[in-house]
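Notes follow the structure.
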Amino acid sequence: MPHATFSTPLGTCAIAWNDAGLTRFLLPDPERRAGGNTEADPPSWVGEIIERVKRHLTGESQDFSDVRYDFGRVPEFVRHVLRATLEVKAGHTATYGELATAIGQPLAASRAVGSALGDNPWPLLIPCHRIVAATGKMTGFSGPGGVATKVRLLALEGAQLLAE
């Protein structure tokens, strides 16, 4: 599968695609290094996304809801959760329960929503970092750096954060 790495103010990100759309996006990881002989030159539509990610990570918020994702690679429930997550815009948060309700599920589906977000193949682009506990507490984030990265991304986007 074609992929590329690129540098951002927060570190090296990675992106992968196919003819159907983006297949994966990886947030900066201290262990990841840019370059390598297995990388491909991204097509122009992927290059545009890369530039938008760079701008976003410098504090110029971007909305990635128009990106072509290969949703065929994820189960139907996860697809519904991810599409609903795209509606939570920069500077805002929603709770797992609110997301469950938004996809027509009972509040009790909050844990399933959290699990679906934990499997998000496009963190940042599909902003799972904007989903918080009902109390406003920052809970689980499966990306590199865990909750600290979640808080950093929210602060970068100007979201109101509750002090612990």
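FYI, it's all coordinate maths here, none of it is from the lab. Predicted model only: the values in this text are computed from it and were never measured.
Once Rg and the Kirkwood radius are both taken over the C-alpha atoms of the chain, their ratio Rg/Rh works out to 0.95. Helical runs (DSSP H, four residues minimum) scored at -39500 (n - 2.57) apiece and divided by the length of the chain put the mean residue ellipticity at 222 nm at -9000 deg cm²/dmol.
For D29, nonlocal amide neighbours, meaning residues 5 or more places apart or on other chains whose placed amide H falls under 5 Å from its own, are T12. Taking the DSSP beta bridges with both ends in the chain, the antiparallel portion is around 80 percent.
Dividing the radius of gyration of the alpha carbons in segment 54-105 by their Kirkwood radius gives 1.02 for Rg/Rh.
From the largest down, segment 74-156 spans 30, 27, 19 angstrom on the principal axes of its Cα atoms.
Between the Cα long axis of helix 146-156 and the first principal axis of the chain there is an angle of about 90°, rounded to the nearest 10.
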